[in-house]
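K.L.:
Quick one: structure below, then a few questions.
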Amino acid sequence: MVDNVAGWTESTVEVDGHSVFYRQSDPVADALPIVHVHGFAISGAYLMPTARMLARRATNLVPDLPGYGKSENWEYTLGIPALALALLKILDALELDRVVLVGNSMGCPVSLEVAHAAPDRVDRVVLVSPAGGVHNQGLGRAVRQLAIDGARENRQMARVAVPDYLRFGPVNTFHLFSEMTRFPSLERLLKSPVPTLAVIGSKDPLMPPPVRVREVSRLASDHTTVALIEGAAHAINFSHPGELSHVISSWLDGREIVDDPDSPGYTRVLQLPRD
């Protein structure tokens, strides 16, 4: 099957006897593939704006994790460690020995779990609006944060998200969302075994306050970079693909992270200092 944008194909692989759907851009020789990992209760479709912009530099893959989007449902809801294991098996099925992972929201702890479990398979990790941990606890607080974020996102995001949320269902939503809010994302980020870029939005209600972000930046290892996109909410991959792809490309190339003059709008990218 062919995607509605030239240069992309859609296919499936089998993981533990289940069909897993993925989107793939045209191959780019001599470049590590970039694998995008979607967030909670949603498919990878909303990651496509950024993935399309990065397709010029590397082969990009956007899977729907097991039980999400167009991938087959499993008999139970996979938690974050199980999703990480499934992602590793997807990489195996696609014969990808080493990749760059770009996660959003819940896709961030999933990506970190993969990096911790198999650091030889992950060259670098990009964490866009990482979710989970103390700031998202308890469950009621996290639900309120999501409601606030919904009002701040690009309105077209609802067309992508709502059908996916309905398909995922309320039972799966409760079980996985509860686990995600308890997941120690901060601790896993601070101990990331591979070079890591965290990208956050200034209008993301799921993120800690700026003073906490700066504290994390100071505590992180030398191979961790924290960047801020002003004006962005949680789904940066969908709402600000120009700025985000520019930040990711700059970081991968070892260039200073600055604002992208070719991306319209009011966003401004800042690299937060660390001691």
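K.L.:
Spin-label point model (7 Å from Cα, Cβ direction): what's the K191 to S19 distance in nm?
P.N.:
Using points 7 Å along Cα→Cβ, the separation is 4.0 nm.
K.L.:
What is the gain in length, in nm to one decimal, between A118 and V28 on full extension, counting 0.36 nm per residue of separation less the C-alpha to C-alpha distance?
P.N.:
In short, 30.0 nm is gained.
K.L.:
Excluding V13 itself, calculate the net charge of residues whose Cβ lies under 14 Å from the Cβ of V13, where each Lys or Arg counts +1 and each Asp or Glu counts -1.
P.N.:
-4
K.L.:
I'd like the accessible area for T59: 1.4 Å probe, protein heavy atoms, all chains in place, Å² to the nearest 10.
P.N.:
20
K.L.:
Over the heavy atoms of I257, what accessible area does a 1.4 Å probe trace out, to the nearest 10 Å²?
P.N.:
Only protein atoms counted, so the area is about 10 Å².
K.L.:
Shifting gears a bit: Identify the GluC sites (Glu not before Pro) of the range 229-260 meeting these criteria: DSSP loop state and at most 13 other C-beta atoms within 10 Å of the C-beta.
P.N.:
E256
K.L.:
Run the quick spin-label model on E256 and Y76: label points 7 Å from Cα toward the beta carbon, then report their separation in nm to one decimal.
P.N.:
For E256 paired with Y76, the spin-label model returns 5.2 nm.
K.L.:
Label A93 and R57 with points 7 Å out from Cα along Cα→Cβ: what is the distance between them in nm?
P.N.:
Result for the modelled spin labels: 2.8 nm.
K.L.:
How would K70, K203 rank on accessible area, largest to smallest, probe 1.4 Å?
P.N.:
K70, K203
K.L.:
Counting other C-beta atoms within 10 Å, and keeping those with at most 13, which DSSP coil GluC sites (Glu not before Pro) do you find in the range 1-86?
P.N.:
E75
The values are calculated or read from the model by the stated rules, or taken from the named source; none is laboratory data. Note that the structure is a prediction, hence the values are computed from the model and not measured. Backbone-built Cβ (ideal geometry, glycine too); neighbour counts: all protein chains shown. Calculation scope for accessible area: heavy atoms of the full protein, side chains included, ligands and nucleic acids excluded. Shrake-Rupley method; radii C 1.70, N 1.55, O 1.52, S 1.80 Å.
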